[in-house]
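Right, one structure below, let's go through it.
Values quoted throughout were computed directly from the atomic coordinates according to the rules given, and no laboratory measurement underlies them. None of the values given here were measured: they were computed from a predicted structure. So basically every Cβ, Gly included, is an ideal-geometry build from the backbone, and we count neighbours across all protein chains shown.
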Amino acid sequence: MQKSIHFFFKLLELLIVVCMVAMVIMVFGNVVLRYGFNSGIDISDEMSRYSFIWLTYIGAMVAMREKGHLGVDTLVKHLGIGGKKLCLFLSEALMLGCNVLFFVGTWKMHELQVTNVSPVVGLSMIWVYGIGYVVGSVMGIMNLNVLYRLLTGRLREDELVQVIETEGLADVEKQIREIKA
């Protein structure tokens with residue numbers, strides 16, 4: 001199971017790279033064509049925008065798995081185990097609620113987006129905004145996994161704070177502790 005999850009996220013990382021390369025080629029190519037040859041490719045504006053939307057949401061899923069989202073642990077790291085568990089439960093439950101809202105919102109807008117067609121490419125907009133299904137599902141499953149592990153006691157104490165410190169911040173905090181001692 002872990003191998004298939006790892007493969008899925010590697011595939012997402014590849015998709016991020018493909019979206020980024022496609023955006024660079026389309027935008028740079030269009031700039032060269034407009035300034036150099038007084039022409040351009042109409043679909044490159046729309047497709048680069050759609051690639052950016054997908055890149056952003058796919059990147060959010062990958063960042064969530066790697067615990068790369070911004071977080072503030074100033075209070076949480078000073079709490080006891082019970083407080084850390086409560087804060088983790090509340091944050092995961094709130095994120096799960098947001099992911100459910102995101103999925104349901106995409107579902108409610110589905111009919112409108114299927115019939116809505118992009119002006120230049122003629123692509124059904126569900127191909128653009130349907131990423132809400134993927135993001136809401138994948139991130140919701142990640143939230144459920146953390147909640148399950150928390151409620152069954154399978155989380156280690158160091159996993160209760162879901163923020164990974166940056167290298168520089170850890171060094172600064174170490175120096176502050178040495179100065180105080």
Residue-averaged [θ]222 nm for the chain, counting only DSSP H segments that reach four residues, each worth -39500 (n - 2.57): -26000 deg cm²/dmol
On a C-alpha basis, how far is the centre of the range 1-23 from the centre of the range 64-86 in Å? Whole number, if you could? 27 Å
If a/c stays under 1.5 just call it rounded; otherwise compare a/b with b/c (prolate if a/b is bigger, oblate if not). Do that for the range 71-181, with a ≥ b ≥ c from the square roots of the Cα gyration tensor eigenvalues. prolate
For the chain, with a Gaussian network of springs between Cα atoms less than 10 Å apart, report the residue from H69, H110, H78 with the top mean-square fluctuation. H78
Projected label distance in nm at M20 and Q2, using a 7 Å step from Cα toward the beta-carbon: 2.7 nm
Could you give the length gained by full extension between R154 and S124, i.e. 0.36 nm per residue of separation minus their alpha carbon distance, to one decimal place? 6.4 nm
Please order C87, C98 by the number of other Cβ within 10 Å, starting at the fewest. C98, C87
Karplus couplings for the range 14-24 from phi (6.51 cos²θ - 1.76 cosθ + 1.60, θ = phi - 60°), rounded to Hz, Gly and Pro as x? 5, 5, 4, 5, 4, 4, 5, 5, 4, 4, 4
